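J.: Below is one structure. I have some questions about it.
The values are calculated or read from the model by the stated rules, or taken from the named source; none is laboratory data. As the structure is a prediction and not an experimental result, all values here were calculated from the model. Here Cβ is always computed from backbone atoms with ideal geometry, including for glycine, and neighbour counts include all displayed protein chains. For the accessible areas, the whole protein counts, side chains as well, though only heavy atoms, and no ligand, DNA or RNA atoms are used. Shrake-Rupley method; radii C 1.70, N 1.55, O 1.52, S 1.80 Å.
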Amino acid sequence: MNIQNLKKIGAKRIRLLIIAASVVAAAAVLCIVFWPRPVWYVQADFEREWIRILRQVDPPFTRIKIYDGDIPQKGLGFCITGDIRSWAGQAGTEGNDAVPAAMAFYPRLSDTREYQGARVLALDPWMVFYRHAGLPLTRSRADGPGEGTLILPGADEKAVWAWAAQSLQTQPGVFSAESGAWDAALRDLKNDSRFQPGADAYRWAEALSLLMRAENAWLYAPLSQVRELPSYRMGLLTAQHFPVKSNWNVFGLQADILWAVPVGKTGQSKKQQAWAAWLGDALTQTAIADELRWIPAHPQGAPYNPISRDAQLAWISGSFVWNKHPEL
């Protein structure tokens, strides 16, 4: 074979290599352009907090989009939301005829820390707050008039609903399903003699102020509301779960929940498993809870202060969680 033929063969091979390299490069570009990148689909209510959370920890990815209630069909990542109805149907009510339609109910949630694949990241539990110098709230005082000041911020509909739910919980985790009973409870609570005079007009700021002034007082409130107080005032308080009836041996909590809902084929890669592990880590959930002024779902997450620890112990010990469905 002469030199001229060798040159032709060499040139042909070079052209083939260039074509192959171009095809590989084009395929790589197409993969980059069209392969879904992981995204945090964040409910608008939590967007600012989630941005700050990602800055505090070492996240597996940082891209964020606003979540409008519909799970992306071709997305990849996690939805960060406080409402999973659009994803899991009438969430938390399946097979429980004792739960009113407006209520979400989750048995054994502190054991599993997930619901139909959605992971619990943090909670804002309702607790009874009172001063260290005072006495714990008894069930008899919660159900009727007596000494001390039982505080109701009656101008807040969710606070009134929370008390109605406690009044209409006939057994642990069993709530009255009669709409008439709920209507009567919601109507009558604001002027109930159990509570402070003028309870119907009280807002949270006034309720917290009265809690700090009164000698022996109790306020049923979400932890995040009390976390609005300065640290030196919070240090005067302790917290307990709502007192149960004498023949009950279990209790549950009302709480708002922050969920992480997987998007894309779950478990399809080691990367997705690593993302889920990051979300479930105690340090990650501690950062999430501190930013929201909630508690971490992980039992080894670090509580912010003693009353947060009280709320965390109640979460770990509780048999069920319930809450009012958002916007219902």
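Yes/no matrix, rows are residues, columns are (1) assigned to a helix (DSSP H, G or I); (2) at pLDDT 95 or above; (3) touching a Pro at 6+ places or on another chain (Cβ under 7 Å); (4) of a type outside the set (Val, Ile, Thr):
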| site | (1), (2), (3), (4) |
| --- | --- |
| Ser246 | no, no, no, yes |
| Val261 | no, no, no, no |
| Leu283 | yes, yes, no, yes |
| Ala287 | yes, yes, no, yes |
| Pro299 | no, yes, no, yes |
| Ala311 | yes, yes, yes, yes |
| Asn323 | no, no, no, yes |
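J.: Output the residues belonging to the stretch 263-281 that are at positive phi and in a helix (DSSP H, G or I). Walk me through how you get there before you give the answer.
T.: Keep residues of the stretch 263-281 that are at positive phi, which gives 264, 267.
Hits for the stretch 263-281: nothing passes.
Condition check ((1) β-branched (Val, Ile, Thr); (2) surrounded by 19 or more Cβ atoms within 10 Å (Cβ to Cβ)) across all residues:
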{"position": "Arg141", "(1), (2)": "no, no"}
{"position": "Thr170", "(1), (2)": "yes, no"}
{"position": "Ala181", "(1), (2)": "no, no"}
{"position": "Ala185", "(1), (2)": "no, yes"}
{"position": "Leu189", "(1), (2)": "no, yes"}
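J.: Give the residues of the stretch 115-133 that are of a type outside the set (Phe, Trp, Tyr), under 20 Å from Gln225 (Cα atoms) and open to solvent by 10 Å² or more (accessible area, probe 1.4 Å), sorted by residue number. Give the steps one after another, and end with the answer.
T.: Filtering the stretch 115-133 down to residues of a type outside the set (Phe, Trp, Tyr) leaves 116-125, 127-128, 131-133.
Applying the additional criterion that residues be under 20 Å from Gln225 (Cα atoms) yields 121-125, 127-128, 131-132.
Residues satisfying the conditions are Arg131, His132.
J.: Oh, and also: Restricting to the stretch 247-286, count the residues that are within 21 Å of Tyr130 (Cβ to Cβ) and touching a helix residue (DSSP H, G or I) at 6+ places or on another chain (Cβ under 7 Å).
T.: Summing the residues that are within 21 Å of Tyr130 (Cβ to Cβ) and touching a helix residue (DSSP H, G or I) at 6+ places or on another chain (Cβ under 7 Å) in the stretch 247-286 gives 2.
J.: Tell me the helices (runs of 4 or more DSSP H) entirely within the stretch 134-244 that contain at least 2 residues that are in contact with a strand residue (DSSP E or B) (Cβ under 7 Å, 6 or more places away or on another chain) and over 24 Å from Phe105 (Cα atoms). If you could, list the steps in order and put the result at the bottom.
T.: Numbers: elements: 139-143, 157-167, 179-188, 204-213, 223-226, 231-234.
Counting at least 2 such residues, we get 204-213.
J.: How do the pairs read when you match residues in the stretch 205-227 that are among the basic types (Lys, Arg) with residues anywhere that are not in a loop (DSSP other than H, G, I, E, B), using Cβ under 9 Å and keeping only pairs 6 or more apart or on different chains?
T.: Correct list of pairs: Arg227/Met234; Arg227/Ile307; Arg227/Ser308.
J.: Against the condition out of contact with any Phe, Trp or Tyr (no Cβ under 7 Å at 6 or more places or on another chain), part of a helix (DSSP H, G or I), open to solvent by less than 30 Å² (accessible area, probe 1.4 Å) and aromatic (Phe, Trp, Tyr), how does Trp315 come out, does it pass? Spell out the reasoning first.
T.: Details: out of contact with any Phe, Trp or Tyr (no Cβ under 7 Å at 6 or more places or on another chain): yes; part of a helix (DSSP H, G or I): yes; open to solvent by less than 30 Å² (accessible area, probe 1.4 Å): yes; aromatic (Phe, Trp, Tyr): yes.
So Trp315 fits the description; yes.
J.: Could you check the stretch 193-215 and list, in sequence order, the residues that are open to solvent by 40 Å² or more (accessible area, probe 1.4 Å) and under 23 Å from Val244 (Cβ atoms)?
T.: Passing the criteria: only Ser193.
J.: Any idea which of (1) at pLDDT 95 or above; (2) more than 29 Å from Asp290 (Cβ to Cβ) is the one Glu206 doesn't satisfy?
T.: Of the numbered conditions (1) at pLDDT 95 or above; (2) more than 29 Å from Asp290 (Cβ to Cβ), the odd one out for Glu206 is (2).
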